[in-house]
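K.L.:
So that we are looking at the same thing, I have put the structure below in structure tokens.
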Amino acid sequence: MALLWLVLVLVVAGTIAAIRFRRRGGRQRALMVLCDRTGVEFSALDPFNDSNFLPFRLFGRGDTRGFENVIWDRGDDGAVRVFDYWFEERDDDGIGVKHDLTCAVVPLPFGVPPLAVVPRGMAEVTREPTETRTVTLDLDAFNRWFEVRAADPRAAVAFLDQRMMQALMRLPLRVAMHVNEDRMLLVAPSLEPGEMLLLLEASRAPAKRVPPVVASLYPPRPAVGPYERRWLQGSWSPDPTSARPNLSELGG
Amino acid sequence: MGIWLIVVLALIVLIVVGGIASYNRFVSQRNLIKDAWANIDTELRRRYDLIPNLVATVQGYAAHEKEVFENVTRARAAATAATGSPAAQAAAEGPFVAALRQLLAVAENYPELKANENFLALQAELSNTEDRLQTARRFYNANVRDYNSRVQSFPSMIVARFGNFEPEEFFEVDESLRGDAGVPRVDFSSMSNPAPVTPPAAAPGEPSAAQGGEPPPPPPS
């Protein structure tokens with residue numbers, strides 16, 4: 001009788017695993033077909049070697065993690081890309097909880113302290129675990145929709161002007177936006193293939209609307225060298241009087 | 001009887017601890033407002049420091065526009081000397097911004113000046129400074145708004161009264177400098193040679209439409 005129960009449990013577990021595998025494979029195939037039709041590059045595995053070095057703690061969470069289903073515009077260098085990210089956290093009893101997310105990464109021409117703009121009511125798993133202060137902005141509708149947390153409230157005020165707030169409210173998907181150093185990260189619970197393509201297109205809009213004053217107040221981090229230490233101290237800029245971002249480099 | 005005494009003592013301790021936390025938060029907010037005001041002051045001084053070079057550059061091409069130069073120099077001196085409350089500083093900024101706009105409007109009449117590298121660099125720096133000033137002003141007003149809300153709300157208003165925390169002033173641009181739909185007006189009535197001039201796209205001291213100066217549309221449903 002015990003053997004029968006064991007066999008039954010193994011069959012059920014195997015069936016669930018097979019269903020998940022087929023569902024995952026089906027989603028991947030659907031994304032591959034969509035990318036082929038729309039001229040977007042696709043890779044089942046992460047072909048970029050900088051994903052683990054993105055300045056977000058989210059990519060260090062969990063006991064195991066992985067990047068997959070990466071898409072980016074054809075002819076682009078992949079600086080702007082959308083991918084699936086998963087991580088699994090195990091508790092003391094060894095029971096693992098897996099989290100599946102879809103992320104978009106966009107480069108920025110400046111280096112701001114950590115900033116998070118999260119839709120109110122969004123799942124906790126998408127939140128960056130950084131020490132920040134809540135910031136209230138001057139647009140009530142925006143404050144009702146989003147919660148803004150920033151390590152430097154001045155950076156949040158500089159980054160989120162009227163145009164930027166409108167751009168975020170007009171995003172077609174419900175995503176959390178995190179900014180740290182020279183990267184913007186848009187995060188959402190696992191999206192459907194069509195929504196991933198939509199996210200790739202929509203991710204450029206907030207980056208294009210970043211106020212030019214942010215680059216003047218928070219210049220990009222220089223390469224390792226004599227100026228890096230001064231940048232870390234907040235006392236150096238390549239050209240503080242005319243530092244304006246070249247947003248055309250983002251394409252689109 | 002003993003239990004009631006413990007409850008009363010616990011309530012007193014809670015009130016005292018809450019009061020101390022509220023007082024400390026008022027102190028932090030007031031220091032934050034002072035820091036934010038210092039940022040505004042820095043950007044204002046940065047803007048004032050650009051004016052002598054700008055006047056000298058324009059004078060090289062339009063030496064006869066003496067009244068314009070005198071106006072902007074006088075307004076700059078008054079604004080630089082203004083100290084004290086944000087309202088007093090904002091009041092001094094009004095004539096200065098108007099005079100500066102007039103100076104830039106004069107420059108529009110001289111194509112050689114508009115192509116001058118030094119003038120272009122100064123104009124770019126002035127525009128950058130205006131953006132930074134706008135950001136500093138928004139940051140300052142946001143902190144003042146939060147602080148004033150606490151000073152005027154119950155129960156923090158009780159702590160505010162005991163601690164002599166008074167509402168702070170906002171730093172606001174004079175509404176009389178705004179034209180229709182937020183486009184600033186330039187007064188040419190005092191100019192000696194009133195030629196047709198195209199107003200600058202981004203007037204100093206005022207947010208342009210590209211910077212989000214127009215009111216936001218209602219959020220989509």
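K.L.:
Label-point separation (nm) for B:Thr42 and A:Thr15, each offset 7 Å from Cα along Cα-to-Cβ?
P.N.:
Placing both labels 7 Å beyond Cα along the Cβ direction yields 6.6 nm.
K.L.:
Report the gain in length on full extension from A:Asp76 to A:Glu201: 0.36 nm times residue separation, minus Cα-Cα distance, nm rounded to one decimal. Provide the component values of the computation, followed by the final result.
P.N.:
Values: separation 125, 0.36 × 125 = 45.00 nm, distance 1.31 nm.
Length difference between fully extended and current span is 43.7 nm.
K.L.:
Describe numerically, in nm with one decimal, the distance between label points set 7 Å from Cα along Cα→Cβ at B:Ile15 and at A:Lys208.
P.N.:
Output for this residue pair reads 6.0 nm.
K.L.:
So for the pair B:Val8, B:Ile158, with labels modelled 7 Å out along Cα→Cβ, what separation do we get in nm?
P.N.:
A separation of 1.7 nm, rounded to one decimal place.
K.L.:
Further, regarding this structure: Excluding ligands and nucleic acids, what accessible area in Å² is computed for B:Phe170 using a 1.4 Å probe, to the nearest 10?
P.N.:
Ignoring ligands and nucleic acids, B:Phe170 comes out at about 80 Å².
K.L.:
Across region A:130-174, what fraction of all alpha-carbon pairs, as a whole percent, falls in each successive 10 Å bin from zero upward?
P.N.:
28, 56, 16
K.L.:
So how much accessible area does A:Ile16 have, in Å² to the nearest 10, using a 1.4 Å probe?
P.N.:
A:Ile16 exposes around 90 Å² with every protein chain in place.
K.L.:
For a quick check of understanding: with a 1.4 angstrom probe and all protein chains in place, what accessible area in square angstrom does A:His99 have, to the nearest ten?
P.N.:
Approximately 40 Å² for this residue.
K.L.:
For region A:1-105, which trypsin sites (Lys or Arg not before Pro) pass both filters: DSSP loop (anything but H, G, I, E, B) and at most 11 other C-beta atoms within 10 Å? Spell out each step's value before the answer.
P.N.:
On the way: sites: A:Arg20, A:Arg22, A:Arg23, A:Arg24, A:Arg27, A:Arg29, A:Arg37, A:Arg57, A:Arg61, A:Arg65, A:Arg74, A:Arg81, A:Arg90, A:Lys98; in loops: A:Arg61, A:Arg74.
Filter output for region A:1-105: A:Arg74.
K.L.:
As a test of reading the structure, rank B:Glu125, B:Glu166 by solvent-accessible area (1.4 Å probe, protein chains only), most first. Walk me through the intermediate numbers first.
P.N.:
Numbers: B:Glu125 20, B:Glu166 125 Å².
Sorted descending by solvent-accessible area, the residues read B:Glu166, B:Glu125.
The values are calculated or read from the model by the stated rules, or taken from the named source; none is laboratory data. In this text the structure is predicted, and so the values were computed from the model without any measurement. Here the Cβ is made from the backbone with ideal geometry for all residues, glycine too, and neighbour counts use every protein chain on show. Areas reflect the complete protein model, heavy atoms only, side chains present, ligands, DNA and RNA absent. Shrake-Rupley method; radii C 1.70, N 1.55, O 1.52, S 1.80 Å.
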